[in-house]
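Participant: One structure follows; several queries about it will come next.
The values are calculated or read from the model by the stated rules, or taken from the named source; none is laboratory data. In this text the structure is predicted, and so the values were computed from the model without any measurement. Every residue, glycine among them, receives a Cβ derived from its backbone with ideal geometry; neighbour counts consider all protein chains shown. Note: accessible area is taken over every heavy atom of the protein model, side chains too, but ligands, DNA and RNA are not part of it. Shrake-Rupley method; radii C 1.70, N 1.55, O 1.52, S 1.80 Å.
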Amino acid sequence: MLSYLILSPAYYADDTLYTKLQYAYAMLESKNMTLDFIAFRYDNSDILSANEYYKLFETYRFCQTHNIALLLNLSIYKLETLILLWLHGFNLGIHFKESDISLLRENICKDLKQSHALIYSLQDNMSLHEKVKILYSTLSRTSIAKSLKPLCDIESFSCFLTPLNQALNTYENLMQENRLDKRFYPIFVSTHHLKDLSKVLSLGANYATISPIFYDKGNKALGLPYLQNLPLRVKERAFALGGINSDLRVHEIKSCGMAGFASISYFLQ
């Protein structure tokens, strides 16, 4: 069964992010488990700051060292940020929130794969802004065009790029080692009931989380019987999330035949 660590403020509170990630990795290793995915989850209200990019790059460095797939999970500017990171050679996927399901109905999964392939094919000697304009020109009739258009404006592009470049000054070695893989990284989507779970998988998502399975603060949990009754074709690409904070609960999720489990607190125990 696959495991998925979703970062939260508990991981960002001090300067021990990398240490906490190392602990989570070692803890799983001691149980003959692997850490397969990490979500850089941030409830941002604006463009990521340089300090927030520092945290992202620390997480990215850890993922590259341990062959873990990193996913971007932001509240806003998620597509603009993902495109900029791809343009800089960073290899990561994306985790959409439930409120983003409308984007999937507009074929965003297909458009992201097309964007990734195009960025991979562009020549290294072109400027970033030239690459953005080519992307927009090629994909102007797609759902991702709304996110690409602001980046075509040089002032807006500079606003997005400045904090990223400030952070990269500290992580120059990442830039030297980075090159975008031809392989496309996963797309996850958060869901809370079977209808949306089935829908997002049919619309191109690689995986989806279903939550909350356990809920210690009340009686809103979906519960294990809900997972047991999911269709097999759905279980194979679904991750249980919510209140999974012990080995017993991980074992219970595994017994339901799920593709994996996702958690914040389990990896901090």
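Participant: Which of the residues spanning the stretch 192-221 are of a type in the set (Lys, Arg) and modelled with pLDDT of 95 or more?
Facilitator: The answer is Lys195, Lys199.
Participant: Any residue in the stretch 48-69 that is at positive phi and among the β-branched types (Val, Ile, Thr) sitting within a Cβ distance under 8 Å of a residue that is surrounded by fewer than 20 Cβ atoms within 10 Å (Cβ to Cβ) and assigned to a loop (DSSP other than H, G, I, E, B)? List the pairs, counting only those 6 or more apart or interchain.
Facilitator: Taking only residues 6 or more apart or on different chains, not a single pair turns up.
Participant: While we're on this one: Could you check the stretch 220-243 and list, in sequence order, the residues that are closer than 20 Å to Ile187 by Cβ and of a type in the set (Lys, Arg)?
Facilitator: Listed by number, the residues that qualify are Arg233, Lys235, Arg237.
Participant: Let me ask another. If we keep just the residues of the stretch 40-68 that are over 18 Å from Thr19 (Cα atoms) and either acidic (Asp, Glu) or touching a helix residue (DSSP H, G or I) at 6+ places or on another chain (Cβ under 8 Å) (or both), which is most open to solvent (accessible area, probe 1.4 Å)?
Facilitator: Looking at the filtered set, the residue picked out is Asp43.
Participant: Might you let me know whether the stretch 122-145 holds any residue that is closer than 17 Å to Glu80 by Cβ, assigned to a helix (DSSP H, G or I), open to solvent by 80 Å² or more (accessible area, probe 1.4 Å) and in contact (Cβ under 8 Å) with a residue 12 or more places away in the chain?
Facilitator: Among the residues of the stretch 122-145, at least one is closer than 17 Å to Glu80 by Cβ, assigned to a helix (DSSP H, G or I), open to solvent by 80 Å² or more (accessible area, probe 1.4 Å) and in contact (Cβ under 8 Å) with a residue 12 or more places away in the chain, which makes the answer yes.
Participant: Quick one: Asp15 ticks every box in (1) at pLDDT below 95; (2) within 18 Å of the chain's Cα centre (by Cα); (3) not aromatic (Phe, Trp, Tyr) except a single one, so which number is it?
Facilitator: (2)
Participant: Take the residues in the stretch 192-221 that are among the aliphatic types (A, V, I, L, M) and part of a loop (DSSP other than H, G, I, E, B); name whichever of them is surrounded by the most Cβ atoms within 10 Å (Cβ to Cβ).
Facilitator: Selected residue: Ile213.
Participant: Looking at the stretch 52-70, which of the residues that are of a type in the set (S, T, N, Q) and outside any loop (DSSP other than H, G, I, E, B) is farthest from Leu82 (Cα to Cα)?
Facilitator: Applying the filter and picking the extreme gives Thr65.
Participant: Specify which of the listed residues (Leu268, Leu248, Leu232, Leu224) is among the aliphatic types (A, V, I, L, M), surrounded by fewer than 17 Cβ atoms within 10 Å (Cβ to Cβ) and either touching a Phe, Trp or Tyr at 6+ places or on another chain (Cβ under 8 Å) or modelled with pLDDT under 95 (or both).
Facilitator: Of the residues listed, the single one that is among the aliphatic types (A, V, I, L, M), surrounded by fewer than 17 Cβ atoms within 10 Å (Cβ to Cβ) and either touching a Phe, Trp or Tyr at 6+ places or on another chain (Cβ under 8 Å) or modelled with pLDDT under 95 (or both) is Leu268.
Participant: Anything in the stretch 6-15 that is within 15 Å of Arg61 (Cβ to Cβ) and either open to solvent by 50 Å² or more (accessible area, probe 1.4 Å) or of a type in the set (A, V, I, L, M, F, W, C) (or both)? List them, or say none.
Facilitator: The answer is Leu7, Asp15.
Every residue, every condition in (1) among the basic types (Lys, Arg); (2) under 21 Å from Lys97 (Cα atoms), yes or no:
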| residue | (1), (2) |
| --- | --- |
| Lys195 | yes, yes |
| Lys199 | yes, yes |
| Ala205 | no, yes |
| Ala208 | no, yes |
| Ser211 | no, yes |
| Asn229 | no, no |
| Glu236 | no, yes |
| Gly260 | no, yes |
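Participant: Scan the stretch 151-189 for residues that are open to solvent by less than 50 Å² (accessible area, probe 1.4 Å), under 25 Å from Ala117 (Cα atoms) and not aromatic (Phe, Trp, Tyr) and report the count.
Facilitator: Number satisfying all stated conditions: 12.
Participant: Name every residue in the stretch 176-191 that is part of a loop (DSSP other than H, G, I, E, B) and either at pLDDT below 95 or under 15 Å from Met258 (Cβ atoms) (or both), in order of residue number.
Facilitator: Correct list: Asn178, Arg179, Leu180, Asp181, Lys182, Arg183, Phe184, Tyr185.
Participant: Quick one: is Asn32 open to solvent by less than 40 Å² (accessible area, probe 1.4 Å) and in a loop (DSSP other than H, G, I, E, B)?
Facilitator: For Asn32, the condition - open to solvent by less than 40 Å² (accessible area, probe 1.4 Å) and in a loop (DSSP other than H, G, I, E, B) - is not met.
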